[in-house]
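Enquirer: Got a structure for you, written out below as C-alpha cells; questions coming shortly.
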Amino acid sequence: MNRESQDKKEFVIDRASALQSETQMQSQLIESGGEFVLPDYMPKIQKVLRLEARALPPSRYVGGNSVQMSGNVLHTLIYLGEDGETGATVLPSKYEFSLPVSGTPTPTVTSSVEVDGLTYRITAPRKLNIRTRLGIKSHCFAAEDVSADITPVDALNVSKLYGVADTLKTQILNSSDIQISDRVETSGADGSRLLWCGSAAAVTDARATDGGVTVRGEVLAKVLVDENGTPRMYTKKIPFDEFLDGDVTRASAVCAVAHVISTEAAKESDREVTVDSVISVEVTADTPTAVSVMKDAFSCDVSASCSHRTVKSSRLALSRSGVYTVGASVAKANAGAAEATSVIDTSGKAVIEESAASAGKITVSGRCELSSIIGTDGGVTSADYTVPFSIALDCDTSADTAVTACATLINPRVRVEDDNLVCDMDIALSVRATQEKEERILASVDCTSKEQYKKSTYPLCLIYPNGESLWNLAKKYHVNPESLAKVNALEISESDYTRPEALSGVRSLMLEFK
C-alpha cells in the first residue's frame, strides 16, 4: 500500500464509529394494589366472577444516573351481588421503580411491565383487598466508541489493519395517544344496562419506510350488558393505521407492540353502545450497519506496544409482529366447569415460558391463563383454567441467537362441546432475534518510543511463511503489508491479510527494506 492510497483510506473510514450493544439491565418484581372500597350505589359482593389486572406502559423520567419509571395498573372486577345481579367496575392502582444507567449520551432504555401474580380477599361486603405482583424486564441500548487511541511520534510510518463489525442502529419509537372510536350493536332488549367496557389492541403488520414506520392493527372492543338480569358480552374489531416518524429507512426491520391506555363506553340507544379507546404503540426499529474497526497496527520504524479489547457485535436474525391463532381444549371437569352449558365471555393473558432458537426455527411457547364467565342451569358462575400454546417461526438461526418476545392474548373464543371446553385464541406476538459474537479490536497503540527498529543492512533477503499470514510476516519484519505483496507480485486483498490460506502456495518471500 503506497502512502497516498493509505491516507485516502484513512480519510474515508470513520475511526470514531459507534458500535451499539444491547444489554438487559435487570429483571425485578414489585407490588401494586391495595384496599378498594366500592361505592354505596353498587351491589354488595357475593361472588367474584372475574378479577384481572393489566399494567399500563410506564412513563420515563431521566435524572442523574437513573431512570425513574411509573405507571398504573387497572383491575377489572366483575361479580355477583347478594340479590343475584351482576356488578362490574375498574379499580386503578399505581406502581413505580427506578433503573441505574451510565454513559454519555444517556442510553436508550425500554421496560416491559407484566402482571406476574394476582391475589385478592373480600374483607367486607363492599371492600376488596388486592395484591398484584408485577414482573419487569428492562433493556438498555448503548453506543460505544470503537476507535483506537494511537500515540505516534512525528512522521511515523504506521500500518493499520481494518475490519468490519456488524451492529444495529436501534431506535425506540413511541406514538402519541391514538383515539379509536366506533359503535357496538347490542340486542336492544328493553331495560338493558351497560355494566362494563374494555378493549385489547394488536399489531397485525409493521413496515419501515424512508422516514418512519407504518403500523396497522386492530382493537377488540368489548361491552358487558345486563339484559333483564342476564349478562351478555358484545364485541367488535376496530382497525387502526398509524405512521410514526423516525430516523429509519426501507432497509430497517421493525416490530411493534400496541397497548390500551383507557376505554370508555356510553349507551346511545337500546341497540348501540359507543366505545372510545385510547391506545399507544411502541416500535423497535433496527437498521443493520457495518462499522469499521481497527483490528491491529504496528510501526514500520520503531518498536510499538499495542493493547486490545473485546467488544460485542450484533446481527439481526428476525424482527416480526403479527397475530397468530392457536387452539386447545380442556375437559369441563378439569376446568371446574362441569355444569357449564354455555360460555358468556372469556378473557385472560398469555404468559411466555420459553422463547428459543434451534434448527432453523424460533419457537415461542407458554400458556394462556383463561377466566370464563359461564352459564349453567342454575345461573351464572366462573371458571379459571390454563391451556398451553406454541408458535414456531422460520428463521436463520445459530447457536448464539438471542430471542426476546412479547405475547398478548387478544380474542379468546371458548365454546362448550360435550364434556369439553374448546378454545380458539388470537395471540398478538412480537419477536426480535439477534445473533451476537465478540470481536477483538485494537484499544491503543503507543509509538512514542524513540528506539528505531534495527533492520538488515542487506537490500534483499528471503523469509518463509511457515503457515503465517501476510499481516503477521509484515508486522514481524516491520514492513508495509501492501509493499510486501507488491515486491513478491502477489494479488492479495486487504481482507485476506490475516488469512494464512492466502499464502498456502507460497514457499518463500523476498523481503526488501527501504
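Bear in mind these aren't lab numbers, they're just calculated from the coordinates by the rules spelled out. Owing to the predicted nature of the structure, the values given are computational and were not obtained by experimental measurement. Here the Cβ positions follow ideal geometry from the backbone for every residue, glycine too, while neighbour counts run over all protein chains shown.
Enquirer: When only C-alpha pairs under 8 Å and at least 6 residues apart count, what is the relative contact order of the range 244-325, in percent? Spell out each step's value before the answer.
Expert: Working: 75 pairs, mean separation 26.1, N = 82.
Computed value for the range 244-325: 32 percent relative contact order.
Enquirer: Quick one: putting +1 on the C-beta of Lys and Arg, -1 on the C-beta of Asp and Glu, what dipole do you get for the range 21-145 around its Cα centre, in Debye to the nearest 20?
Expert: Values: 12 positive and 13 negative charges, 80 e Å.
Dipole about the Cα centre, nearest 20: 380 debye.
Enquirer: Using a Förster distance of 45 Å, how high is the FRET efficiency between Val422 and Asp446, based on the Cβ-Cβ distance and rounded to 0.05? Present the calculation step by step, with values, prior to reporting the outcome.
Expert: Details: r = 72 Å, r/R0 = 1.60.
Efficiency at R0 = 45 Å is approximately 0.05.
Enquirer: Using the Karplus curve 6.51 cos²θ - 1.76 cosθ + 1.60 with θ = phi - 60°, work out ³J(HN,Hα) for each residue of the range 193-199 in order, rounded to whole Hz, and write x for Gly and Pro.
Expert: So the J values, rounded to whole Hz, are 10, 7, 9, 7, 9, x, 7.
Enquirer: Mind putting a number on the dipole of the range 455-514 about its Cα centre? Charges go on the C-beta only, +1 for Lys and Arg and -1 for Asp and Glu, and I need it in Debye to the nearest 20.
Expert: Numbers: 7 positive and 7 negative charges, 58 e Å.
Value, rounded to 20: 280 debye.
Enquirer: Among Ile136, Val67, Leu118, which residue has its Cα furthest toward the positive end of the charge dipole of the range 21-145, with +1 on Lys/Arg Cβ and -1 on Asp/Glu Cβ?
Expert: Farthest along the dipole direction, towards plus: Leu118.
Enquirer: For a label point 7 Å from the Cα of Ile122 along Cα→C-beta, name the residues of the range 29-44 whose backbone N is under 14 Å from it.
Expert: Inside the label zone: 38, 43-44.
Enquirer: Taking H placed 1.01 Å from N in the peptide plane, check which residues at least 5 places from Val101 or on another chain put their amide H under 5 Å from its amide H.
Expert: Residues meeting the criterion, in which the H sits 1.01 Å from N, are Ser66, Val67.
Enquirer: Please compute the length gained on full extension between Ile261 and Gln28, using 0.36 nm multiplied by the number of residues separating them and subtracting their Cα-Cα distance. Please list the in-between numbers first.
Expert: Working: separation 233, 0.36 × 233 = 83.88 nm, distance 2.31 nm.
In short, 81.6 nm is gained.
Enquirer: Relative to the present Cα-Cα distance, how much length would full extension add between Ser365 and Glu227 at 0.36 nm per residue of separation? Intermediate results must be reported in sequence, preceding the final value.
Expert: Details: separation 138, 0.36 × 138 = 49.68 nm, distance 3.91 nm.
Extra length from Ser365 to Glu227 when fully extended: 45.8 nm.
Enquirer: Among Tyr477, Val506, Asn488, whose Cα projects farthest towards the positive end of the dipole of the range 455-514, with charges put on the beta-carbon of Lys, Arg (+1) and Asp, Glu (-1)?
Expert: It is Tyr477.
Enquirer: Treat every Asp and Glu Cβ in the chain as -1 and every Lys and Arg Cβ as +1, leave all other atoms uncharged, and give the resulting dipole magnitude about the Cα centre to the nearest 20 debye. If you can, show how the numbers build up before the last one.
Expert: Working: 52 positive and 69 negative charges, 270 e Å.
The dipole of the chain has a size of about 1300 debye.
Enquirer: Any idea what angle helix 3-12 forms with the longest principal axis of the chain, computed on alpha-carbon atoms, 0 to 90 degrees, nearest 10?
Expert: 10 degrees
Enquirer: If you don't mind, another one. Given H placed on each backbone N at 1.01 Å, which residues far from Leu318 in sequence or on other chains put an amide H within less than 5 Å of it?
Expert: HN-HN under 5 Å from Leu318: Ala433.
Enquirer: What distance in nm separates the two pseudo spin-label positions at Arg183 and Ser358, each 7 Å out from Cα along the beta-carbon direction?
Expert: Label-label distance for Arg183 and Ser358, simple model: 5.4 nm.
Enquirer: If you don't mind, another one. Give me a comma-separated list of calculated 3J(HN,Hα) values for the range 209-214, in order, Karplus coefficients 6.51, -1.76, 1.60 applied at θ = phi - 60°, integers in Hz, x for any Gly or Pro.
Expert: Computed from phi, the couplings for the range 209-214 are 10, 5, x, x, 10, 9 Hz.
Enquirer: Okay, helix-only estimate at 222 nm for the chain: each DSSP H run of n ≥ 4 adds -39500 (n - 2.57), divide by all residues, round to 500 deg cm²/dmol; what do you get?
Expert: Numbers: 3 runs with 25 residues, N = 514.
So the helix-based figure for the chain works out to -1500 deg cm²/dmol.
Enquirer: Compute the Cα gyration tensor for the chain, then decide on rounded, prolate or oblate, letting a ≥ b ≥ c be the square roots of its eigenvalues: rounded whenever a/c is under 1.5, prolate when a/b is larger than b/c in the other cases, and oblate in all that remain. Mind dumping the intermediate values first?
Expert: On the way: a/c = 3.39, a/b = 2.93, b/c = 1.16.
Since a/c reaches 1.5 and a/b is larger than b/c, the shape of the chain is classed as prolate.
Enquirer: Under the rule of at least 5 residues apart or a separate chain, name every residue whose amide H is placed under 5 Å from the amide H of Gln46.
Expert: Under 5 Å from the amide H of Gln46: Leu80, Gly81, Glu82.
Enquirer: Bin all alpha-carbon pair distances of the range 455-514 at 10 Å intervals from 0 and give each bin's fraction as a whole percent.
Expert: Pair shares across the bins are 24, 63, 13, 0.
Enquirer: How far is it, in nm, from the label point at Arg507 to the one at Leu194 when both lie 7 Å from their Cα along the line to the Cβ?
Expert: About 9.4 nm, to one decimal.
Enquirer: Taking θ as phi - 60°, what are the ³J(HN,Hα) couplings along the range 233-240 by the Karplus curve (6.51, -1.76, 1.60), each to the nearest whole Hz, with x for Gly and Pro?
Expert: These are the phi-based 3J(HN,Hα) values: 9, 10, 10, 7, 8, 10, x, 9 Hz.
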